[in-house]
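The values are calculated or read from the model by the stated rules, or taken from the named source; none is laboratory data. What you see is a predicted model; the values in this text were computed from it and never measured. In this analysis, Cβ positions are derived from the backbone assuming ideal geometry, glycine residues included, and neighbour counts consider all displayed protein chains.
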DNA sequence: CACCCTAACCGGACCACGGTCCAGTTTCTT
DNA sequence: AAGAAACTGGACCGTGGTCCGGTTAGGGTG
């Protein structure tokens, strides 16, 4: 269980300096960068908290991650958890940060078809599949980390993905209202929807995958790719 | 727990009397109907509670609708509120019930283009616009009534609308995976998305409306309707 | 290197709200 | 009239989130 020991959502007065991200430049799109220099004790506590949270998730599922429990498990005061992560959503988001960055790096600078080099349409298809599988893996966490409705779309992580889709769309259908279409496509990848379709409706992931392909084709007004079946 | 048998938000054996809605029969599809006979005192309290809740909303917005406050304002115990409506979501949903029923009646049995009689494609377009404007009117309530992510799509009210879209789609594109496409279309109409686009991104409703039209055209692979501008 | 000063950090008491429970009361039925 | 089912209300609990007096790290200074 490897989690990212850095980054998070930041509550008040967040210094947001150059960033310690050793990644190959992620443009400014890297929505997560946090303060690079925490006081030694703070950094230590932060690491402890993330570790404790991860352990709790492993043991009791995302629902078991209670702020008090995490604080206690990390031998830290409750106030500290909130100071560090802002709120529950922030903590959960921090837990997801690692895979989030990975995905972002992949489609911004990784190998085709996800990364640059492939034609936009193919990249779009690959993108959906990648997000789909990523979400499917961490469904409960992903679900629990979802902020209240009002902030759902404002969340920076969502914003980065949406922007990427918008850019790709713009290359395919320059005359369309790509912002709106991008939102629509992103909605299809909403963890809550994935959860509902797979867990509650019992659809296999393959069907969602095919659905994505089909949706992309329709939205971009391109030919459907030949389906194996 | 395998069925979605009960309605608006009923915890255990929830009677939901004719109440104060004197609507004309909504077929059985009316996902909300509850058993119509509550004990006299219960019915009286229910009405009081709804009234109190509505007043609170008018005064302090949806955020001010606290279960305790509603109970107090209705001169009723807190337990009563929960017994009647199950949970906060249930109460808020009940508040929306009236317009919800109206919408449902309109597209199930009203005049074209919303109701039967018009070609499916036109009905679909009209449907989106109707939902769009309805949501825009009651945005905060609509938002506050949104249940936690896990139940969002399971909610009967959403189910009814989705089914309707599915049926229409099936008449237009019989060979497609209409269930999936319907979900996608419905996502576009999610109150949370509407809120974000209009309030946070400052898009005018007209643009969303045009976006719906365009989206429908693309998804159904039909010609875009001529836009006035 | 020892000291000090301040900003940053810590912890846990405290609050509000959603939700549960159950002893007591009211309504309906026969 | 009397019994059973349904309803009531408020005490109670757990959790997310706030607050603030006390503590500590660590850079500047002599």
Exercise for review: Output the residues belonging to the stretch B:156-170 that are crowded, with 16+ Cβ neighbours inside 10 Å and at pLDDT 90 or above.
Suggested key: B:158, B:160, B:161, B:162, B:164, B:165, B:166, B:168, B:169, B:170
Check your understanding: Which one of the conditions (1) away from chain B (no Cβ under 14 Å); (2) within 15 Å of DNA strand C (Cβ to nearest atom) does residue A:98 fail to meet, given that it meets all the rest?
Key -> (2)
Practice item. Please note which helices (runs of 4 or more DSSP H) are completely contained in the stretch A:160-229 and include at least 2 residues that are more than 14 Å from residue A:135 (Cβ to Cβ). Key: A:178-188, A:205-219
Exercise for review: Could you please let me know if residue A:146 is buried (at least 21 other Cβ atoms within 10 Å of the Cβ), within 14 Å of another protein chain (Cβ to nearest Cβ) and outside any helix (DSSP H, G or I)?
Suggested key: yes
**Study point:** Residues of the stretch B:53-107 classified as within 13 Å of DNA strand D (Cβ to nearest atom), within 19 Å of the chain's Cα centre (by Cα) and either buried (at least 20 other Cβ atoms within 10 Å of the Cβ) or not in a helix (DSSP H, G or I) (or both), total
**Key:** 3
Review point. Which of the residues spanning the stretch A:178-207 are free of Cβ contacts under 8 Å to residues at least 40 places away in the same chain, at the interface with another protein chain (Cβ under 10 Å from one of its Cβ atoms) and surrounded by 17 or more Cβ atoms within 10 Å (Cβ to Cβ)?
Key: A:179, A:180, A:181, A:183, A:184, A:186, A:187, A:190, A:193, A:196, A:197, A:203
Practice item. Looking at (1) under 22 Å from the mean Cα position of the chain (by Cα); (2) surrounded by 21 or more Cβ atoms within 10 Å (Cβ to Cβ), find the lone condition where residue A:210 falls short. Key: (2)
**Study point:** Answer residue from the stretch B:56-80, given it is more than 18 Å from residue B:143 (Cα to Cα) and away from DNA strand C (no atom under 13 Å from the Cβ) and is farthest from the other protein chains (Cβ to nearest Cβ) among those
**Key:** B:75
Revision key, fill the gap. Exception for residue A:170 within (1) more than 21 Å from the chain's Cα centre (by Cα); (2) over 23 Å from residue B:217 (Cα atoms); (3) more than 11 Å from chain B (Cβ to nearest Cβ) falls at (2)
Check your understanding: Among B:114, B:141, B:121, which is the only one that is assigned to a loop (DSSP other than H, G, I, E, B) and out of contact with any strand residue (DSSP E or B) (no Cβ under 7 Å at 6 or more places or on another chain)?
Key -> B:114
Review point. Of the numbered conditions (1) over 25 Å from residue B:223 (Cβ atoms); (2) out of contact with any helix residue (DSSP H, G or I) (no Cβ under 7 Å at 6 or more places or on another chain), residue A:217 satisfies every one except a single condition; which is it?
Key: (1)
Check your understanding: Residue check: is residue A:45 within 13 Å of DNA strand C (Cβ to nearest atom) and on the phi > 0 side of the Ramachandran plot?
Key -> no
